[in-house]
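S.K.: I have a structure I would like to understand better, so I am pasting it below and will then ask my questions one at a time.
The values are calculated or read from the model by the stated rules, or taken from the named source; none is laboratory data. These numbers were taken from a predicted model, which means no experiment stands behind them. Every residue, glycine among them, receives a Cβ derived from its backbone with ideal geometry; neighbour counts consider all protein chains shown.
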Amino acid sequence: MSIRAYKPRTAGTRGMTTLNYREMLSGHKPTKSLTHGAKSRGGRNSQGRITVRHQGGGHKRSFRDVDFKFNKKDIPAKIASIEYDPFRSAFIGIAVYRDGEKRYILLPQKVKVGDEFIVSETAPVKVGNRLPLGKLPVGTYVYNVELKPGNGGKIVRSAGSYAEVVAQDAGYTHLKLPSTEIRRVIGTAWASIGEVSNEEYRLVNIGKAGRSRWKGIRPTVRGTAMNPVDHPHGGGEGKQGRGLRRAKSMWGKPTGKGQKTRHPKKYSNVFIVTRRKVGKRK
């Protein structure tokens, strides 16, 4: 295991853990031609108003141009590096195609420098290869899955996650997603075989508030600590219960405690075979 625990010399290091990246990465520096600066918006829109709460500050980061479309087909490629990406939880790496082009890609688990992969409809079912979903046998684990053919991978991209092919039916592939939802995806959409790298990421204990601030995460205030004008749970003398049967968000919408929050007229409802299991016990 690559997780390092610290001795409790300070309150911040008590229980804090980090990943030992030296064991997991290849030591290559970012490729300059595929790297550029990224401006931090702090969760604000063009008017300067906060549209995403709890964002702001954090360390300066360089953006890596990751290829999610994989539009170079039937050309073998070799993994030349395993690198850290500050904008995502999984590892990325340089793929060098046989024609000499280099691209950053999202890496699967157990991949090593020198491993090869190919994006092809006739590719073997092997970790790292990318095929249309309709070509995959039941039981295959996939990641970086397209929802529309040619639109690029949109789902199952975070560290350690994977979707499982559970059925092939009438041109559609049934995928069991990490949320436990079973969803139909058109069989001509592409997906990579395997599980996303850096599966130990979810085991890391942040340990102290300052480390969250380095990541650009600002504090979250409980609704019950606010005034009634600011939150449905606010108000009352001293420490109060929320006084409502069901928990609500700041805008009065259902939230948490196993409540269903999906919009009843969402466009993708027709593709859902089985809803995700909500609550603490999935």
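S.K.: Quick one: count up the residues across the stretch 234-270 that are of a type in the set (D, E, K, R), out of contact with any helix residue (DSSP H, G or I) (no Cβ under 9 Å at 6 or more places or on another chain) and more than 30 Å from TYR172 (Cα to Cα).
M.R.: 5
S.K.: Looking at the stretch 240-260, can you tell me whether even one residue there is in contact (Cβ under 8 Å) with a residue 60 or more places away in the chain and more than 30 Å from SER120 (Cβ to Cβ)?
M.R.: Taking every residue of the stretch 240-260 in turn, none turns out to be in contact (Cβ under 8 Å) with a residue 60 or more places away in the chain and more than 30 Å from SER120 (Cβ to Cβ).
S.K.: Whether any residue in the stretch 49-64 is assigned to a loop (DSSP other than H, G, I, E, B), under 22 Å from the mean Cα position of the chain (by Cα) and β-branched (Val, Ile, Thr) is what I want to check.
M.R.: Within the stretch 49-64, one or more residues are assigned to a loop (DSSP other than H, G, I, E, B), under 22 Å from the mean Cα position of the chain (by Cα) and β-branched (Val, Ile, Thr).
S.K.: Filtering the stretch 184-232 down to residues that are of a type in the set (A, V, I, L, M, F, W, C) and in contact with a Pro (Cβ under 9 Å, 6 or more places away or on another chain), which residue is nearest to ARG246 (Cα to Cα)?
M.R.: Within the stretch 184-232, the match that is nearest to ARG246 (Cα to Cα) is ALA209.
S.K.: Return yes or no: is ALA209 hydrophobic (A, V, I, L, M, F, W, C) and farther than 30 Å from THR18 by Cβ?
M.R.: Spelling it out, it is not the case that ALA209 is hydrophobic (A, V, I, L, M, F, W, C) and farther than 30 Å from THR18 by Cβ.
S.K.: I'd like the residue in the stretch 50-66 that is free of Cβ contacts under 8 Å to residues at least 40 places away in the same chain and polar (S, T, N, Q) and, out of all such residues, is surrounded by the fewest Cβ atoms within 10 Å (Cβ to Cβ).
M.R.: Once the filter is applied, the top-ranked residue is THR51.
S.K.: Check whether at least one residue in the stretch 215-226 is over 22 Å from MET250 (Cβ atoms), at pLDDT 90 or above, outside the structural domain of VAL156 (by TED's automatic domain parsing) and part of a helix (DSSP H, G or I), and report yes or no.
M.R.: no
S.K.: Sticking with this one: Out of the residues in the stretch 263-282 that are surrounded by 13 or more Cβ atoms within 10 Å (Cβ to Cβ) and assigned to a loop (DSSP other than H, G, I, E, B), which is nearest to the chain's Cα centre (by Cα)?
M.R.: Only one residue fits best here, namely ARG276.
S.K.: If LEU131 satisfies all but one of (1) surrounded by fewer than 13 Cβ atoms within 10 Å (Cβ to Cβ); (2) under 29 Å from ARG184 (Cα atoms); (3) among the aliphatic types (A, V, I, L, M), what's the number of the condition it fails?
M.R.: Tallying (1) surrounded by fewer than 13 Cβ atoms within 10 Å (Cβ to Cβ); (2) under 29 Å from ARG184 (Cα atoms); (3) among the aliphatic types (A, V, I, L, M), LEU131 fails exactly one: (1).
S.K.: While we're looking at this one, here's another question. Any residue that is in contact with a strand residue (DSSP E or B) (Cβ under 9 Å, 6 or more places away or on another chain), over 13 Å from LEU147 (Cα atoms) and aromatic (Phe, Trp, Tyr) - is there at least one of those in the stretch 168-183?
M.R.: no
S.K.: So which of ARG9, ARG14 is touching a residue at least 24 places away in the same chain (Cβ under 8 Å), assigned to a loop (DSSP other than H, G, I, E, B) and not assigned by TED's automatic domain parsing to the domain that holds GLN109?
M.R.: The unique qualifying residue is ARG14.
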